[in-house]
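Just below is one structure, and these are the notes that go with it.
Rule-based calculations on the coordinates, nothing more; no lab input. Just so we're clear, the structure is a prediction, and the values are computed from it rather than from any experiment. In this analysis, Cβ positions are derived from the backbone assuming ideal geometry, glycine residues included, and neighbour counts consider all displayed protein chains.
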Amino acid sequence: MPLSQKVSSDSPIGMFDSGFGGLTVARALIDLMPHENLVYIGDTGRYPYGNKPADEVRGFAKELAWSLVREYGAKMIVVACNTAASVALDELVDELPVPVIGVIDPGARALVRVTHNNKVGVIGTVGTISSGAYVQAVRQTGASVSLTSAACPGFVEFVERDQTTGDEVMVLAERLLAPVRDAGVDALLLGCTHYPYLSRVISDVMGAGVVLVSSADETAFVVKQELENTHLVRETTDGSLGEHQFLSSGDIAWFAQLGRRLLGPELETAMQWKN
C-alpha cells in the first residue's frame, strides 16, 4: 500500500508498545540519536497484550503501525513490544512501505554474546513465551546454547502501577523465576520491554552471577544502522535536537505522569491517540 507522502530524513521514527515498557527503547534511541524526531504510541487503553489472543494483538499491532505511517509520516517503525513483535513482526515487514524493526532478534543476539556457560534464559509475557519467537531467534544465531524460558504474568501490571519494589512483587518474582534460576543460567534476557524496570528485583532473585540483558540498547543500534543503510539519518546543521511526540490510547494524564518518571524530561506532555 503506497504512502501518501514520501518520507525523508526529517520524518520521525515511529514506535509503539502496549503501554510504558517501550519507553526503555525510546530512551535508548533518544540517547543514541538525539537529533532524530520520534513519535511513540503507548496503547494503554488496551494493555496488557501478554494475555490476549495472538490474532487480537496482531490486529492492534497493524492498526498502530499503519497509524504511525499514515498519520505521522514515520520513516521507520520500531515494534517496541515483545508480545506484538512475536506475533506480528513478519507480517508488518511484508505489509508496510517502510523498514520495520523488532526487539526480539537484537535481544537474542546480545544474550548469546554474554554467556560463559552456554546456559541462557529468557522471561516474557505469556504471549511472547508461548509464541516460541525467542527459541527461534536464539536458534538463528547459530550459538550452541541451552535456553530456558519462563512466562511472568503479572510483571507488566506491577510496572504500570509503578510498583517495582516491595514484598508483593518479590514473592511473585521468586515463584516465576524459579525455572530459569534452577537451570543454572548465567545470562537472562528480559524479553519484555517493561521488565528492565524490575531489574533490581529480578537481579536479587537470580543472584549476582547472572547477567541481565535488555534489548533496548541493541535495538537502538540496529535502528541506527538501518537508517544509515537507507540514507535516512536526520542531519542538522545547527545541532538542534529532535522533536519527540508521545501519545496514549488511554488516560493521557496518567501516561504523562508515569511516563516522565520512567523516560525522563523528554516526555513533557502526552496527547490522545484515537483508535
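For the chain, the alpha carbon convex hull comes to 123 Å³ per residue, rounded to a whole number.
Evaluated with a Cβ-only charge set (Lys, Arg +1; Asp, Glu -1), segment 105-215 carries a dipole of roughly 460 debye about its Cα centre, given to the nearest 20.
Projected onto its three principal axes, the C-alpha set of segment 105-215 covers 39, 27, 19 Å, listed from the longest axis down.
In percent, rounded to a whole number, the relative contact order of the chain is 26, using alpha-carbon pairs under 8 Å and six or more apart. Normalised by the number of residues in segment 105-215, the average gap of Cα pairs under 8 Å and 6 or more apart makes the relative contact order 36 percent. Distance between the C-alpha centres of segment 152-225 and segment 56-108: 23 Å, rounded to the whole angstrom.
Protection proxy ranking for 172-182, 23-33, using the average of other Cβ atoms within 10 Å per residue and placing the highest first: 23-33, 172-182.
Taking amide H as placed 1.01 Å from N in the peptide plane, the amide H of LEU189 sits under 5 Å from that of GLY121, VAL122, ILE123, VAL213, each at least 5 places away or on another chain.
Compactness ratio for segment 131-275: Cα radius of gyration over 2.2 N^0.38 Å (N = residue count) comes to 1.27. Amide H of PHE16: which non-local residues (sequence gap of 5 or more, or other chain) have their own amide H closer than 5 Å, using H built in the peptide plane? Amide H to amide H, under 5 Å and 5 or more residues apart or across chains, PHE16 pairs with ILE41, VAL78, ALA80.
Against the chain, whose longest principal axis is taken from its Cα atoms, helix 23-32 shows a tilt of about 60°. Working ranking of peptides 241-254, 102-115 by packing, defined as the average number of other Cβ atoms within 10 Å per residue, highest first, is 102-115, 241-254. Relative to the longest principal axis of the Cα atoms of the chain, the long axis of helix 252-263 makes an angle of roughly 60 degrees.
Across the cross-link table entries LYS62/LYS274; LYS6/LYS224; LYS52/LYS274; LYS62/LYS119, which are compared at the Cα atoms, the separations over 25 Å belong to LYS62/LYS119.
The packing ranking of peptides 217-230, 262-275, highest mean first, is 217-230, 262-275, where packing means the average number of other beta carbon atoms within 10 angstrom of each residue. 3J(HN,Hα) along segment 55-62, derived from phi through the Karplus expression 6.51 cos²θ - 1.76 cosθ + 1.60 where θ = phi - 60°, amounts to 5, 5, 5, 4, x, 4, 4, 5 Hz, with x in place of Gly and Pro.
Going toward the positive end of the dipole of the chain, with +1 on Lys and Arg Cβ and -1 on Asp and Glu Cβ, which of ALA84, PRO153, GLY207 do you reach last? Checking the options against the dipole of the chain, the answer is GLY207.
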